[in-house]
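A quick write-up on the structure given underneath.
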Amino acid sequence: MRLSVVVPVLNEAENIGPLAREIHASLLRHRPFEILFVDDGSTDGTAAAVRAAREQGLAEIRLLQHPERRGQSAAVFTGVRAARAEWVVTLDGDGQNDPADIPALLDAIAAAEPTAVRLAVGHRTARRDGWLRRISSRIANGVRGRMLRDGTPDAGCGIKVMHRETFLTLPRFDHMHRFLPALFQRAGAQVISVPVGHRPRTRGHSKYGERNRLWVGIVDLLGAMRLVR
């Protein structure tokens with residue numbers, strides 16, 4: 001297995017089929033690969049949509065399920081732990097990350113060898129979200145960057161390529177997926193950022209409220225700062 005793709009999903013039944021086909025098309029020159037959808041306690045037809053995509057010819061697909069909602073970080077960890085490749089791609093299940101950007105992240109890591117790069121993070125240079133989310137993200141990235149000094153302009157971007165073994169050594173906590181660059185650096189790994197596209201959500205609904213994100217972001221940032229120290 002050359003590459004594992006982990007996609008955490010929660011009530012994204014409409015996005016599964018189109019996203020699976022895009023991922024498959026983007027990785028044809030990186031075979032053999034696998035696509036792991038981690039269903040984080042969905043209450044719609046998400047699991048059925050994953051099974052349908054596999055039955056329609058995408059044999060690389062695997063379905064992992066949480067019996068109840070555990071959060072995005074837990075879903076990412078479940079997927080990475082079950083992955084069979086040395087390198088793992090993560091991307092969000094809402095379709096806003098473009099799978100066509102995956103090869104660019106892989107190429108950036110390959111070009112950096114034989115250095116200690118163990119994480120490549122997408123940098124969404126043109127966000128396609130509403131104004132409130134764009135402003136919130138800009139502020140969050142600015143504060144996080146000043147506090148953690150991780151040198152990563154868009155640490156919250158969902159599309160990443162990471163070294164599986166390094167990830168599994170990191171301390172686990174809720175919302176850790178927002179702080180992976182600082183955590184990888186804490187582990188002695190080099191992190192790079194790669195410009196990627198961003199798309200508007202065309203199906204389904206966001207699972208996050210802005211006020212929720214602000215509060216948990218503050219609490220998590222304090223915890224991440226303590227870990228880094």
* Asked: Mind checking whether some residue in region 206-229 is buried (at least 19 other Cβ atoms within 10 Å of the Cβ), closer than 18 Å to residue 98 by Cα, among the small types (Gly, Ala, Ser) and at pLDDT 65 or above?
  -> no
* Asked: Any idea which residue in region 59-82 is farthest from residue 178 (Cα to Cα), counting only those that are among the polar types (S, T, N, Q) and either in contact with a Leu (Cβ under 8 Å, 6 or more places away or on another chain) or part of a helix (DSSP H, G or I) (or both)?
  -> 78
* Matching residues in region 117-133 - criterion: being at pLDDT below 85 and either of a type in the set (Phe, Trp, Tyr) or surrounded by 14 or more Cβ atoms within 10 Å (Cβ to Cβ) (or both) -> 127, 129, 131, 133
* Scan region 10-39 for residues that are in contact with a Leu (Cβ under 9 Å, 6 or more places away or on another chain) and β-branched (Val, Ile, Thr) and jot them down. => 23, 35, 38
* Structure fact -> Listed by first then second residue, the pairs whose first member lies in region 99-127 and is more than 22 Å from residue 182 (Cβ to Cβ), whose partner is at pLDDT 95 or above and part of a loop (DSSP other than H, G, I, E, B), with beta carbons under 8 Å and at least 6 positions apart or on separate chains, are 99/27; 99/91; 101/159; 102/27; 102/91; 102/159; 103/27
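Could you please find all residues in region 1-41 being of a type in the set (Gly, Ala, Ser) and touching a His at 6+ places or on another chain (Cβ under 9 Å)?
Kept after step one, since they are of a type in the set (Gly, Ala, Ser), are these residues of region 1-41: 4, 13, 17, 20, 25-26, 41.
41, the sole residue that qualifies.
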* Going through region 162-175 one residue at a time, which ones are in a helix (DSSP H, G or I) and touching an Asp or Glu at 6+ places or on another chain (Cβ under 8 Å)? -> 164, 165
* Asked: Is it true that residue 114 is at pLDDT below 95 and touching a strand residue (DSSP E or B) at 6+ places or on another chain (Cβ under 9 Å)?
  -> no
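Are any residues in region 83-102 part of a helix (DSSP H, G or I) and either surrounded by fewer than 16 Cβ atoms within 10 Å (Cβ to Cβ) or in contact with a helix residue (DSSP H, G or I) (Cβ under 6 Å, 6 or more places away or on another chain) (or both), and if so, which ones? Lay out the reasoning, then the answer.
Step one: of region 83-102, the residues part of a helix (DSSP H, G or I) are 99-102.
Across region 83-102, the qualifying residues are 99, 100, 102.
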* To do: Would you mention how many residues in region 1-19 are of a type in the set (Gly, Ala, Ser) and under 15 Å from the mean Cα position of the chain (by Cα)?
  => 1
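The values are calculated or read from the model by the stated rules, or taken from the named source; none is laboratory data. None of these values were measured; they are calculated from a predicted model. Heads up, the Cβs are rebuilt from the backbone with ideal geometry, glycines too, and the neighbour counts pull from every protein chain shown.
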